[in-house]
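Participant: Sharing a structure here in structure tokens format.
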Amino acid sequence: MPDTHAVLFQKATQDAKDHLIQPWPSAGSIGAEARGMLNAGEGIYVHDDKGRKLIDGPAGMWCTNVGHRNQALADAMKDQALELSYNSPWYTSNEPSAELARRIAGHAPGDLNHVFFTTGGSTAVESALRFAQFYNNVRGLEGKKKIICRDGGYHGSTYLSASLNGSQRSRNWMDFADGMMIRLSCPDPFRRPKGQSLEAFSDQLVKEFADAVAEHGAENIAAFVGEPIMASGGVIVPPEGYFKSIREICAENDILFIVDEVVTAFGRLGHVFASEACFDVVPDIITFAKGVTSGYFPLGGMVVSDRLLSGLRASNHPEAMYAHGLTYSSHPIGCAVALKNLDILEDGLLDYAREITPYFHEKLKALETLELVGEVRGMGLMACIECVADRDSHNPIRLDTEVGVRIDRHCQELGLLLRPLVHMCVMSPPLVITRPQIDTMAGILHEGISRTMRDLRAEGLWNG
């Protein structure tokens, strides 16, 4: 008899090719593509259609923070579904969303005490941008609409959030609100001019920001939006003090400082929010998603400061409406799952993430002994391995199928799923990962990169 699982996988693969449009498809395969199938997961592992047990190196997509198959989260989802599965946020509210808003506000820095819930990170950033527009319209500053963003950033897939994105690969064939955006340099220390100190690099970036404000006029700029660590840009950690300096310029010029913590919040850096704890800044708005439910349910949101809401309530336009909302805003099931997820984080997992972080980076940093590796960088439980053609010039390797994909292919054969980004490999495992599991992960990465190096040499594509 045929293997039941094999038959099911084969059918699912064919169904995907026949009917499923995947995210970010190429025109040549859109609507006719099947990607690797996963059928189970537990802890830090997932199982694929080839019967392999793989370490989930990217934690899904930066989100499965408490790990797969967590019974407490599954029970919370079931219990809430049987109690109240949905309510219209236009006309009613629910207890889980109110409690979650209170608890999130308790973790947020400064006077960020009010939460608007969305369906994920893209809609969270979109909500923040539309709030910035609304805020200035109500104040009679209709021309104050431009947004400062940066090359290398990633903020979502809705029209406005995607317009912030700084990757050329995502911009070639799509339309964006480019006229609204002021795009500045990527704060990537690895790519700074040779011989330049980190302090000088930071000063250069801050001056660029100040010059942009002067050129475009503070009266025309609504907000700055930035990730404290550029996640999908390659886990780019800016130079120390840079973020705080940008925040100060924003405050001096009535520019909203919006921090995109969709990746860094809810434990990825060992804190519920990283803005103040890790970067010493208190934003006007923080956006979040992913880890808020550990990926068990689509949920996101923004936390807004008292100052902004007080300004709106005191305006001369009490009739002005923030005409923005989503069918699934404040979803009771999502909020119930997030409450239980927060319980788990508060009950020692945040402490554990901070404790395990140095070991995680020590083991991955050892990969820099490999000639193909230009830099291993990161913060908290997120890291990037950037491959280069040579260490002197830092030239990246971008080959026919991309070096990151080659490394990922070898690593999957060895038991590790990672996230390839052209010439980079990104790691952000579930926060529950143990030291022995980190050892295994680092060992697989070493072997996967070594095999890729041999392949490249054998094919005459690299002579490192």
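Participant: Could you tell me which trypsin sites (Lys or Arg not before Pro) in the range 126-190 are loop residues by DSSP with no more than 13 other beta carbons within 10 angstrom of their beta carbon?
Facilitator: Details: sites: 130, 139, 144, 145, 146, 150, 169, 171, 183; in loops: 139, 144, 145, 171.
Hits after loop and neighbour filter: nothing returned.
Participant: Quick one: length gained pulling residue 75 to residue 369 fully straight, 0.36 nm per residue minus the C-alpha distance?
Facilitator: Details: separation 294, 0.36 × 294 = 105.84 nm, distance 4.54 nm.
Full-extension gain reported as 101.3 nm.
Participant: Quick check: net charge around residue 306, other residues with Cβ under 15 Å of its Cβ, Lys/Arg +1 and Asp/Glu -1? Walk me through the numbers before you get to the answer.
Facilitator: Details: positive: 102, 307, 313; negative: 111, 284.
After counting each charged neighbour, the total is +1.
Participant: Restricting the count to DSSP beta bridges whose residues both fall in the chain, what percent are antiparallel, rounded to a multiple of 5? All intermediate terms of the calculation are to be shown ahead of the outcome.
Facilitator: Working: 33 of 49 bridges.
In the chain, approximately 65 percent of DSSP beta bridges are antiparallel ones.
Participant: Could you compute the FRET efficiency for residue 434 and residue 457, with r as their C-beta to C-beta distance and R0 at 51 Å, rounded to 0.05?
Facilitator: Details: r = 35 Å, r/R0 = 0.68.
With a Förster radius of 51 Å, E is 0.90.
Participant: Which shape class, rounded, prolate or oblate, goes with the range 1-74 when its Cα gyration tensor gives a ≥ b ≥ c as root eigenvalues, a/c under 1.5 marks rounded, and past that a/b bigger than b/c marks prolate?
Facilitator: Here the range 1-74 falls in the oblate category.
Participant: Can you tally the net charge around residue 136? Count Lys and Arg as +1, Asp and Glu as -1, for every other residue whose Cβ sits under 12 Å from the Cβ of residue 136. Present the calculation step by step, with values, prior to reporting the outcome.
Facilitator: Values: positive: 130, 139, 144, 145, 146; negative: 142, 219, 254.
So the surrounding residues net to +2.
Participant: Normalising by the residue count of the chain, find the relative contact order in percent from Cα pairs under 8 Å and 6+ residues apart.
Facilitator: Values: 884 pairs, mean separation 93.3, N = 464.
Reported relative contact order: 20 percent.
Participant: To the nearest 500 deg cm²/dmol, what mean residue ellipticity at 222 nm is calculated for the chain from DSSP H runs of n ≥ 4 alone, each contributing -39,500 (n - 2.57), summed and divided by the residues?
Facilitator: Values: 14 runs with 177 residues, N = 464.
Value at 222 nm, helices only: -12000 deg cm²/dmol.
Participant: Give me the net charge for the shell around residue 66: Cβ to Cβ below 11 angstrom, other residues only, Lys and Arg +1, Asp and Glu -1.
Facilitator: On the way: positive: 69, 340; negative: 343, 347.
That sum, taken over residues with Cβ under 11 Å, equals 0.
Participant: Tell me, in nm to one decimal, what length is gained between residue 7 and residue 393 on full extension, where the rule is 0.36 nm per residue of separation less the Cα-Cα distance? Could you put the intermediate results ahead of the total?
Facilitator: Details: separation 386, 0.36 × 386 = 138.96 nm, distance 4.99 nm.
Once the chain is fully extended between residue 7 and residue 393, it gains 134.0 nm.
Participant: Work out which helices of the chain, taken as complete DSSP H runs, extend at least 30 Å along their axis over the Cα atoms and score a mean Kyte-Doolittle of 0.5 or more, then list them. Could the numbers behind the result be given before it?
Facilitator: Numbers: long enough: 435-458 (34 Å, -0.47).
Helices meeting the criterion: none.
Participant: Antiparallel DSSP bridges in the range 87-330: what percent, to the nearest 5? Could the numbers behind the result be given before it?
Facilitator: Details: 11 of 25 bridges.
The antiparallel fraction comes to roughly 45 percent.
Participant: Which of the residue pairs 146/244; 144/244; 144/290 have a Cα-Cα distance greater than 27 Å in the structure shown?
Facilitator: 144/290
Participant: A further question on this structure: Using the structure shown, list the pairs from 207/365; 53/363; 11/340 with a Cα-Cα distance above 25 Å, or answer none. Don't skip to the answer; put the middle values down first.
Facilitator: On the way: 207/365 32 Å; 53/363 22 Å; 11/340 35 Å.
Checking Cα-Cα distances, 207/365; 11/340 exceed 25 Å.
Participant: If you average the alpha carbon positions of the range 338-380 and of the range 179-235, how far apart do those two centres end up, in angstrom?
Facilitator: 26 Å
Participant: Which peptide among 253-259, 7-13 comes first, and what is the full order, when sorted by highest mean count of other Cβ atoms within 10 Å? Show your work: numbers first, answer last.
Facilitator: On the way: 253-259: 23.0, 7-13: 13.7.
Averaged packing, sorted descending, gives the order 253-259, 7-13.
Since every read-out is calculated from the coordinates, none of them should be taken as a lab result. Predicted model, so just to flag it, every value in this text is computed and none were measured. For neighbour counting, all protein chains shown are included, and Cβ atoms are generated from backbone atoms with ideal geometry for every residue, glycine included.
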